[in-house]
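Just so you know, all these numbers are worked out from the coordinates, no wet-lab data involved. This is a predicted model, so every value here is computed, not measured. Note that we place each Cβ from the backbone using ideal geometry, even for glycine, and neighbour counts take in every protein chain shown.
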Amino acid sequence: EISACLVGSEMCIRDSYKHQSLSFHVNDSYWFQPTTLEELLSLKETHPTAKLIVGNTEVGIEMRLKAMEYNVFVNPSHVPDLLISTVKETGIEIGAAVTINGLRSFIEKVEAQMLTEGTAYRTRGLTAIRHMLTWFASNHIRNVACVGGNIVTASPISDLNPMLLACNAMLRIHSKSRGTRDLSIKEFFLAYRKVALEPDEILVSVFIPFTGEFEYVLPFKQARRREDDVSIVTAGMRVCLEPRTDRSRWVISDCSLGFGGMAPTAVQATKTAAAMIGLEWNYASIEVVFPILRQELSLPVTVPGGQSEYRMALTVSFLFKAYLTMTAEHTTYIADLPNASTLPTMPTVDDCEMSATFNFLTSEKTYSRGEQGYFDRQGECLHEPYTSSAQNSFPPAKETTPPPELSLIHI
Ligand code: FAD
């Protein structure tokens, strides 16, 4: 009876604790936690300067390190409309309050589904985003930081926004008085940390289209450290190839290039993309485009963050790596198609160039490991050195002889 009651009571407590709208206020500070979109929109209409807080990994930094003061906070992470992750006919829709890790695991599910349906090519864009997000901050941050927070913060070195620019993502924005509007992410970033969002509006979701059969998307990131480091330059590159009508060769039918760390906002290299469309897919064409890209995203030596030459060089080398990698991927893909013999051949990638297709973002993530041993004065190791690693699945390390000067303790 008691256990039933307990389970019963636990369940009724849990049910009774069903997300309730909460509000607290102390002096002039207010915290609201709505549970419906209507409530959230009303709150944003009543308090247009209110800060929406999900992971607090931006607002927390702004208040703690930049002394910015906010006094009205709204936590939207109990509003179901902002927590959706759905597969639509032509893409996926992700709620703005979905966490970075939530998006990663949802993409993994969609990839598995498409693989079983034999249409894995449709998730090339999503896979590129997942790869980029695997190196986004650390797991602590990825577990709380939300997709909408990254988009709306519009940091010039965001890792997600260049990918969404390359993938032609669409944003769904709501306000109580004007209802819904859909906006291409290409029109969202206005200036440094300034976005096309009215004070009474909120971002509800982002739509990321699937890729076509001959459409490729790649992520690129350069930072001083791989783990948990802000980027120097990031990029998302998407190219659609199509066989020329006479089936003699492949041409670029569409292309979009998103960059972070190259302007006060995440930007697109629109001139470069326009110059690429219609060109034949070969190295000579890409070589023609390099100076256009360098010109379009040129940085003065006085640019905040410095390293102007290095950053400009990174954009061109990312495009070169993208050309080689997409050529190799497309060659492999069309080789398995039933109508492969009717398709044009692809330019070849020399073996000596294949190393340039290496990209730590799209490679298996290896875990760091550490080793600690305690030695007595005679240099005898007192026990199996303890090995620690993120995965901790390594076999015990071999006995190592310590450098003579290192006799740590005599236990
Ligand atoms: P919050 O701080 O909760 O909110 C951020 C802003 O978004 C607020 O202004 C809020 O009002 C607004 N907002 C949130 N949701 C909505 C909505 N639905 N509609 C309208 N406005 C909304 N970023 C990277 O890109 N790459 C990194 O590698 C990276 N590393 C980081 C490492 C650390 C240690 C930290 C602290 C941050 C890092 N960031 C990184 C930045 C940060 O994690 C992201 O920008 C994150 O996605 C913000 O999400 P959040 O939920 O924490 O945002």
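Observations on the structure shown:
- Magnitude of the charge dipole for segment 220-287, about its Cα centre and with charges confined to Cβ atoms of Lys, Arg (+1) and Asp, Glu (-1), is about 80 debye.
- Normalised by the number of residues in the chain, the mean separation of alpha-carbon contacts (under 8 Å, six or more apart) gives a relative contact order of 11 percent.
- 3J(HN,Hα) along segment 221-230, derived from phi through the Karplus expression 6.51 cos²θ - 1.76 cosθ + 1.60 where θ = phi - 60°, amounts to 8, 10, 9, 5, 10, 7, 7, 6, 9, 6 Hz, with x in place of Gly and Pro.
- Those GluC sites (Glu not before Pro) in segment 200-232 that DSSP places in a loop and that have at most 13 other beta carbons within 10 Å: GLU227
- Annotation for segment 39-138: trypsin sites (Lys or Arg not before Pro) lying in DSSP loop with at most 14 further Cβ atoms inside 10 Å of their Cβ are LYS66, LYS88.
- Mean Cα-pair separation over length for segment 167-308, i.e. relative contact order, pairs under 8 Å, 6 or more apart, %: 16 percent
- Length available on full extension from SER21 to ARG181: 0.36 nm per residue minus the Cα-Cα distance, which gives 55.0 nm.
- Surrounding net charge for GLU329, when Lys and Arg each add one and Asp and Glu each subtract one, Cβ distance under 15 Å: 0
- Each of LYS221, LYS194, LYS271 has some number of other Cβ atoms within 10 Å of its Cβ, and from fewest to most they run LYS194, LYS271, LYS221.
- Remark on VAL251: its backbone amide H falls under 5 Å from those of GLU242, ARG244, TRP281, a criterion applied only to residues 5 or more positions apart or on other chains, H modelled at 1.01 Å from N.
- Global geometry of the chain, whether rounded, prolate or oblate, following the gyration tensor of its Cα atoms and the 1.5 cut on a/c: oblate
- Estimated 222 nm signal from helices in the chain, with DSSP H stretches of n ≥ 4 weighted -39500 (n - 2.57), rounded to 500: -10000 deg cm²/dmol
- Amide N proximity, segment 32-50 versus GLU198 label position 7 Å along Cα-to-Cβ, cut-off under 17 Å: 38, 40-50
- Total lysine pairs whose alpha carbons fall under 17 Å of each other in the chain (8 or more apart, or interchain): 10
- GluC sites (Glu not before Pro) within segment 76-108, DSSP loop, no more than 13 other Cβ atoms inside 10 Å: GLU89
- Under 5 Å, built H, 5+ apart or other chain: amide partners of ILE92: ILE208, PHE210
- Our estimate of slack between ARG224 and SER138, defined as 0.36 nm per intervening residue step minus the Cα-Cα distance, is 29.5 nm.
- Three-way shape call for segment 146-243 based on the alpha-carbon gyration tensor, with the a/c threshold at 1.5: oblate
- Charge tally around PRO300: other residues with Cβ under 13 Å, Lys/Arg +1 each, Asp/Glu -1 each, net 0.
- Going by neighbour counts of Cβ atoms within 10 Å, the residues THR315, THR46 line up, fewest first, as THR46, THR315.
- Kirkwood estimate for segment 171-327, i.e. one over the average of 1/r between Cα atoms, Å: 17.4 Å
- Neighbour counts of C-beta atoms inside 10 Å place VAL301, VAL288, VAL54 in the sequence VAL301, VAL288, VAL54, starting with the fewest.
- A simple count of charges around ALA120, restricted to other residues whose Cβ falls under 15 Å of its Cβ and scoring Lys, Arg +1 and Asp, Glu -1, yields -3.
- Centre separation in Å (Cα based) which lies between segment 67-82 and segment 294-321: 36 Å
- If only the Cβ of Lys and Arg carry +1 and only the Cβ of Asp and Glu carry -1, the dipole of segment 77-223 around its Cα centre is close to 320 debye.
- Once the Cα-Cα distance is subtracted from the 0.36 nm per residue extended length, the SER29 to ASP336 segment shows a gain of 104.4 nm.
- For segment 262-334: span of alpha carbons on each principal axis (Å, largest first): 45, 21, 21
- Taking amide H positions as modeled 1.01 Å from N, with prolines and chain starts lacking one, the residues under 5 Å from ALA137 and 5 or more places away or on another chain are ASP228, ASP229.
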